[in-house]
Structures are given as structure tokens and as C-alpha cells.
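Following this message is one structure expressed as C-alpha cells.
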Amino acid sequence: MKILSIETSCDETAVSIIKASGKAESPIIKVLGNALFSQAKLHEKFGGVYPNLAKREHARNLPRLLHKALSEAKLIRKSKLPSLSPKEKARIEKELIRENQMADDLIVMLGKIKKPSIDAIAVTQGPGLEPALWVGISMAKTLGFTWEIPIIPINHMEGHILSVLYNPKKEKNVLPFPALALLVSGGHTELVLMSKLLSYKLLGRTRDDAVGEAYDKVARMMNLPYPGGPVVAALAEKSRKIGKKNSWVFPRPMIHSDDFDFSFSGLKTAVLYGIDKKKLSPRQKEFVAEAFEDAVVEVLIHKTRLALKKYKVRSLILGGGVIANTHIRLAFEKLVKDFPEVTLFMPTKELSTDNSIMIGVAGYVRAKSIPQKSKKKGAFSAIGNLRLSS
Ligand code: KG4
Ligand code: ZN
């Protein structure tokens with residue numbers, strides 16, 4: 001089955017087309033088309049994602065990204081006659097009443113092409129910035145009724161988890177259950193237990209800042225650009241390579257708490273007070289980045305180790321933008337060596353940060369597992385704080 005997927009929860013606008021077959025827990029996935037535009041540069045001057053700008057940019061870029069993904073997938077067939085009736089155009093204008101320009105762009109584009117052979121549309125429903133989510137959902141609904149294709153609403157965090165089912169180097173991945181998932185992104189830090197596919201039990205989560213958020217804030221404190229994660233990670237890596245003793249040490253919040261919750265705002269504040277009023281040299285920034293990252297890694301590894309000891313799982317799944325971090329990836333590879341019965345699943349670096357391929361993969365798993373839900377045509381809305389649910 002071919003799935004078109006759309007992701008607009010934060011500052012990445014993405015559209016992909018995947019071809020998937022096989023069982024939900026071990027699908028065979030091929031990416032036919034993938035178009036992604038990162039707005040990071042535009043948000044840089046705000047030091048973080050500015051919701052209205054994100055929404056405007058999603059609306060501006062979605063039609064061209066849709067066209068790019070469709071043509072990459074060789075699904076564009078030009079139509080000699082206009083393919084939209086006045087009634088269909090009016091319906092699109094009504095659906096996209098708040099996005100006039102996007103409506104016009106889509107009407108021009110859809111009017112020139114024939115309905116592509118796509119079986120379902122998967123779109124991020126939440127969690128994320130609601131105005132941004134709405135743009136993607138409105139486009140999914142528009143394509144859904146114009147082409148008469150069912151829509152599958154997807155939880156973005158489920159997308160991060162299920163992204164590991166797609167491995168560009170392997171035809172298929174088999175995910176053994178039960179599984180433990182650690183999600184670390186800009187908005188989330190949580191440990192989730194999965195007894196089976198699409199079943200989620202939240203074991204613990206951050207009580208304040210998410211790990212990615214802490215990276216971004218620490219970067220900002222040191223006048224480094226947004227998003228801070230990759231920049232701080234690169235400085236930490238540089239410092240580690242130099243290999244000098246680091247006199248900076250930051251706290252490991254909640255490391256000894258008897259649960260699976262996290263807290264990173266204290267670590268962020270410790271960095272803030274630690275560097276307060278000091279003019280940091282480039283070398284000092286590297287030291288701070290290294291010490292900060294060491295604290296993060298130690299907490300993540302410690303809590304995950306506790307959970308692996310308590311719940312006898314067969315897989316450890318890592319997901320979310322922070323998993324693009326090489327140092328963190330290596331630390332988890334080392335951790336699972338102590339648990340020979342556990343297989344580690346990590347998305348590739350490109351698939352760790354936000355993308356629409358993971359939304360397509362989750363769409364396939366949902367379509368295969370709960371076919372009746374995929375029939376839901378338009379009766380759903382954006383949910384900014386959507387939780388994982390079975
Ligand atoms: O999953 P994601 O792309 O978006 C959300 O759903 O939030 O995660 C984005 C977060 C940002 O906070 C970014 O700074 C962080 O992931 N990030 C990293 C790295 N690459 C991205 N953090 C640490 N090291 C990295 N290499
Ligand atoms: Zn994400």
C-alpha cells in the first residue's frame with residue numbers, strides 16, 4: 001500500500017510517500033518520495049520556534065513539498081482537462097478558509113494532475129504547536145476529500161517510536177516485544193513500556209524541561225544558534241577529543257529518585273549560574289557543553305538501566321531529535337551490552353529528528369492493525385498535548 005504522510009508539528013515541514021507491505025510488526029518499507037524543509041534558520045533570531053511563523057511557513061511550503069514528493073515518487077500524471085470541478089474548488093476554499101494562499105496554490109496544482117495511486121494519508125495530529133498542526137491536518141483533509149482517500153491521524157511520538165521499523169539498509173526490521181522506548185525530543189523526555197505493538201504504558205517523564213529543550217536553552221545561554229542540540233553536541237565532542245580534565249561538573253537531577261521521572265530544569269539553571277557573568281572563551285564553552293552533555297547522558301542511561309532491570313524487555317527503542325546525538329547513541333550501545341537479551345533499535349540520524357517518513361510508517365502500522373480507524377475521514381482535530389494511547 002502507498003501512504004502519503006504529512007508532518008507539521010513544529011518547525012519542519014515534511015511530506016513523503018512510502019510503499020509498505022508485510023506484517024505491522026515487521027513491515028517492508030520503501031521510501032518513494034521525501035520532501036522536507038527545515039525552518040530552523042527562520043526561527044533562529046527568536047532563539048526558539050515562533051508558532052505563528054511556523055504556521056505561515058508550513059502553509060507556504062506544503063503545496064510545493066507535496067509536488068516534490070509526488071514527482072519523486074513518479075506519481076504525477078498530468079491531466080489534459082481541469083481535474084477539479086467548481087464545486088470541488090469551492091470545497092477546498094472552504095476547508096482552507098484561513099489559508100487563502102495555500103488554497104490557491106493547491107487548487108492550481110491539483111487542477112493540473114490526475115488522482116495519484118495513493119491508498120491512505122497519514123498526518124500528525126499532535127502533540128505539537130496547534131496552529132502548525134492545523135495546517136498539515138487541513139491539507140490532509142483537503143487531499144482526502146478531493147481524491148477520496150482515507151486519513152489516518154498519527155501521534156507524533158508514536159511516529160518517533162515506530163521510525164525504527166524503517167531501516168534504509170535493511171529490507172525489514174522485526175521488533176521483538178515487550179519493548180522499552182525512551183523518547184527524547186524538544187518537547188518530550190519519557191520512558192514508555194510497550195507490551196505489544198501500539199500498546200503504551202508511561203513509566204515516567206520529565207517533570208519540567210525536555211532534554212532537547214535543555215540543550216537549546218544551554219546553547220542560548222552561551223550565545224550559540226538555534227537549534228542548540230547539534231551545536232552543543234559538536235562543542236562537547238570537540239572537548240572530548242582534546243581530552244583535557246574538565247573542571248566544570250553539573251548536577252544529575254533526580255538520578256537517585258526511586259522512579260522513572262526526569263527533571264532537567266535544575267541542570268539548566270546550574271549551567272546558567274555556573275557561567276553567570278563570565279565571559280566564556282571558545283574553549284570554556286566546549287568544556288561547559290561537555291560537562292552538560294555528560295550530566296544528561298548519565299541521567300538517561302541510569303534511568304533506562306533501572307527500567308531494563310525492572311521490566312524484562314526484549315527491545316530498547318530510542319526516538320526523538322536528541323537521538324541524532326552520536327555520544328548518546330554510543331552510550332546506549334554500551335548500555336545494552338550489559339543486557340544480552342535486549343536488542344537496541346535506533347532510527348538513523350536523519351530519521352531521529354522530525355520527518356514525515358516516520359508518520360507514514362506509523363500510518364501503515366495503524367492501517368494494518370486497526371483498519372476501521374483508518375476509515376475516519378475528517379472527524380478529528382489537532383491536539384497540542386496529545387498523549388500516546390493504544
Ligand atoms: O524530535 P525533534 O526533531 O522535534 C521535536 O519533536 O521536538 O527534536 C528536536 C530537538 C531539539 O531540541 C534539538 O536541539 C535536539 O532535538 N537535537 C539534538 C541533536 N539534534 C537535535 N540534541 C542533542 N544532540 C543532537 N545531535
Ligand atoms: Zn519530534
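The values are calculated or read from the model by the stated rules, or taken from the named source; none is laboratory data. Keep in mind it's a predicted model, so treat the numbers as computed, not measured. Glycine also receives a Cβ, built like all others from the backbone with ideal geometry; neighbour counts cover every protein chain displayed. Ligands, DNA and RNA are excluded from the accessible area calculation, which covers all protein heavy atoms including side chains. Shrake-Rupley method; radii C 1.70, N 1.55, O 1.52, S 1.80 Å.
What's the number of the only condition in (1) more than 14 Å from ligand 1 (Cβ to nearest atom); (2) open to solvent by less than 10 Å² (accessible area, probe 1.4 Å); (3) outside any strand (DSSP E or B) that Gly136 fails to meet?
(1)
Which numbered condition trips up Gln125, out of (1) part of a loop (DSSP other than H, G, I, E, B); (2) farther than 30 Å from Phe292 by Cβ?
(1)
Another question, then. Six or more apart or on different chains, Cβ under 8 Å: which pairs go from a residue in the stretch 144-162 that's closer than 25 Å to Gly187 by Cα and open to solvent by 10 Å² or more (accessible area, probe 1.4 Å) to one that's more than 16 Å from ligand 1 (Cβ to nearest atom) and of a type in the set (Val, Ile, Thr)? Could you list them?
These pairs meet every condition: Pro153/Ile137.
Just a yes or no: is a residue in the stretch 324-344 part of a helix (DSSP H, G or I), within 15 Å of ligand 2 (Cβ to nearest atom) and surrounded by 17 or more Cβ atoms within 10 Å (Cβ to Cβ)?
Checking the stretch 324-344: at least one residue is part of a helix (DSSP H, G or I), within 15 Å of ligand 2 (Cβ to nearest atom) and surrounded by 17 or more Cβ atoms within 10 Å (Cβ to Cβ).
Matching residues to (1) in a loop (DSSP other than H, G, I, E, B); (2) under 30 Å from Asp259 (Cβ atoms):
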site	(1), (2)
Ile118	yes, no
Ala140	no, no
His160	no, yes
Pro168	yes, no
Asp208	yes, yes
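Counting just the residues of the stretch 16-52 that are more than 16 Å from ligand 1 (Cβ to nearest atom) and closer than 30 Å to Val231 by Cα, which one comes out surrounded by the most Cβ atoms within 10 Å (Cβ to Cβ)?
My answer is Gly33.
If you don't mind, there's one more thing I want to ask. Give the residues of the stretch 60-86 that are farther than 14 Å from Val108 by Cα, outside any loop (DSSP other than H, G, I, E, B) and open to solvent by less than 40 Å² (accessible area, probe 1.4 Å), sorted by residue number.
Asn61, Leu65, Ala69, Leu70
Something else now. Working only within the stretch 359-374, note down all residues that are open to solvent by less than 10 Å² (accessible area, probe 1.4 Å) and touching a strand residue (DSSP E or B) at 6+ places or on another chain (Cβ under 8 Å).
Ile359, Gly360, Val361, Ala362, Gly363, Tyr364, listed by residue number.
Next up: Restricting the stretch 349-371 to residues that are of a type in the set (S, T, N, Q) and either part of a helix (DSSP H, G or I) or over 12 Å from the mean Cα position of the chain (by Cα) (or both), which is farthest from ligand 1 (Cβ to nearest atom)?
Here the answer is Ser369.
From Lys169, Lys196, which residue is without any contact (Cβ under 8 Å) to a residue 12 or more places away in the chain and out of contact with any strand residue (DSSP E or B) (no Cβ under 8 Å at 6 or more places or on another chain)?
After ruling out the rest, the residue left standing is Lys169.
For the stretch 1-52, which residues satisfy the criterion of being among the acidic types (Asp, Glu) and part of a helix (DSSP H, G or I)?
Of everything in the stretch 1-52, just one residue is among the acidic types (Asp, Glu) and part of a helix (DSSP H, G or I), namely Glu44.
Under 6 Å by Cβ, and 6 or more places apart or on different chains, what pairs join a residue from the stretch 313-335 that is within 15 Å of Ala179 (Cβ to Cβ) with one that is surrounded by fewer than 22 Cβ atoms within 10 Å (Cβ to Cβ) and among the hydroxyl-bearing types (Ser, Thr, Tyr)?
Qualifying pairs under 6 Å: Ser315/Thr343.
Going through the stretch 19-58 one residue at a time, which ones are more than 16 Å from ligand 2 (Cβ to nearest atom) and within 24 Å of Ile383 (Cβ to Cβ)?
The answer is Ala24, Tyr50, Asn52, Leu53, Lys55, Arg56, Glu57.
Please work out which one of (1) within 15 Å of ligand 2 (Cβ to nearest atom); (2) under 19 Å from Ala367 (Cβ atoms); (3) not in a strand (DSSP E or B) is the condition Ile154 fails and give its number.
(3)
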